[in-house]
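Computed from the coordinates by the stated procedures, all read-outs in this text should not be read as laboratory data. The structure displayed is predicted, hence computed values, not measured ones.
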Amino acid sequence: MSDTPYQRLGGEMGIRRLVGRFYELMDELPEAYVARKIHPQDLGPAREKLVMFLSGWLGGPQLYVEKFGHPMLRRRHLPYPIGPQERNEWLMCMRLAMEETIADPELRGQIYGAMTPLAQHMVNQGEAAGCHQAQLAGQ
């Protein structure tokens, strides 16, 4: 299939549904408390940035790059303490949001499979951060 994940998701509206539900879950679920507390109280700017990033990352318009330049995700996330628990809670909210907003199980699996190593790349605290550094040193 030549359609991009962006197109298969329903374009910008599909991404907005996913991101909207993701941040609702982050606010609603007590199991997401640790990940939620590293975000600002007002999730509006984070929501917009994630929509813009996912647009380009999923094969649509490069909205984030056009406005902010290269994502440099790890560097942009270094000021926030992200350990295995924050990563797992973030991924849990994203997985649940995808289950609720993406009907196609193949597309869900494809996107989640690509997001998991991306989330791991953001870890900068704890044992997982050390593993990341060791992996980089071994390359």
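Before moving on, here are some points about what is shown:
- Nearest-ten-degree value, helix 126-138 long axis tilted from longest Cα axis of the chain: 90 degrees
- Just so you know, the Rg over Rh for the chain is 0.96, from Cα atoms, with Rh as the Kirkwood radius.
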